[in-house]
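Quick notes on the structure that follows.
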Amino acid sequence: MKKAAKLFILTAAALLMCFCLAFSACAEKTGGEPEPDKTEESGGSGGEERQDFGDVLIVYFSATNNTEKIAGYIADITGGTTFELVPQTPYTADDLKYYDSDSRVYKEYTDASLRDVPLVNATPENWEKYDAVFVGYPIWWGGASWVLNGFITANDFTGKTVIPFCTSAGSGIGSSDTQLKEMAGTGDWKAGRRFSPSDSKSAVQSWINGLQLARS
Ligand SMILES: Cc1cc2nc3c(=O)[nH]c(=O)nc-3n(C[C@H](O)[C@H](O)[C@H](O)COP(=O)(O)O)c2cc1C
């Protein structure tokens, strides 16, 4: 083989080896997977460590999935278990037309005697074991959806920290959190937090970082 050809093959082999070494070092660092979105995980507020809330339960009602999305973020962040409150007769799209005086929600709103909404299950499994309970709901006419009432009145919150959260199109949480607290009569209820349906996981993370509920 000619001298020039030999030199070419040796140089190519050396370059290939360098490339392999660099790639394997990189794969080892990342575990071979794309790096997670750190901003999303940490909420950009420096709170990467998961707080120890004890056993966490996230109970929620959600007619159009906005509150469910926030509940899912809370579960991801806290490592908690979700429990959805499901009406025995679910709300259809027509039922939710609050601007229509013939709709189910409008009738329930204007006639309090219709607001007793039976749930498929009002008591989460292993209720006794939970230390912290997040309670989520949509705002209906400025207050908490009455679908929550069956869950609130069926359970004893003694010894639990309770953290309300809600979603709405624009209204604030108002006194919906304190009204639920009064309805419950037991438990250590914290001030609630309203989210917009478009709020991100990092907004939820920042809120949870600020709760300062971690057990010592
Ligand atoms: C019956 C009804 C009443 C509502 N009342 C209000 C309200 O007073 N203020 C507001 O900002 N949004 C109101 N909304 C909008 C919901 O609060 C909002 O879409 C919420 O994110 C729905 O949550 P969900 O998808 O978990 O059911 C109402 C929606 C319905 C169906």
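Tabulated data
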{"quantity": "Estimated translational D of segment 55-209 in µm²/s (Stokes, Kirkwood radius over Cα pairs; 37 °C; 0.692 mPa s)", "calculated": "209 µm²/s"}
{"quantity": "Out-of-range pairs (alpha-carbon distance over 21 Å; input 160/181; 97/190; 129/201; 69/107; 69/181)", "calculated": "97/190; 129/201; 69/107; 69/181"}
{"quantity": "Whole-angstrom Cα spans of segment 151-216 along principal axes, big to small", "calculated": "32, 32, 16"}
{"quantity": "Beta bridge orientation in segment 122-192: antiparallel %, DSSP, nearest 5", "calculated": "20 percent"}
{"quantity": "Cubic angstrom per residue, convex hull over Cα atoms of segment 96-150", "calculated": "93 Å³"}
{"quantity": "Part-to-part distance (alpha-carbon centres) for segment 159-216 and segment 56-105, which is given in Å", "calculated": "15 Å"}
{"quantity": "Among 79-87, 58-66, the order from most to least packed when residues are scored by Cβ within 10 Å on average", "calculated": "58-66, 79-87"}
{"quantity": "At R0 = 22 Å, FRET efficiency that the Cβ-Cβ distance of residue 169 and residue 116 yields, to 0.05", "calculated": "0.30"}
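Read the figures in this text as sums done on the coordinates, not as results from a lab. Small disclaimer: the values here were computed from a predicted structure and weren't measured. For neighbour counting, all protein chains shown are included, and Cβ atoms are generated from backbone atoms with ideal geometry for every residue, glycine included.
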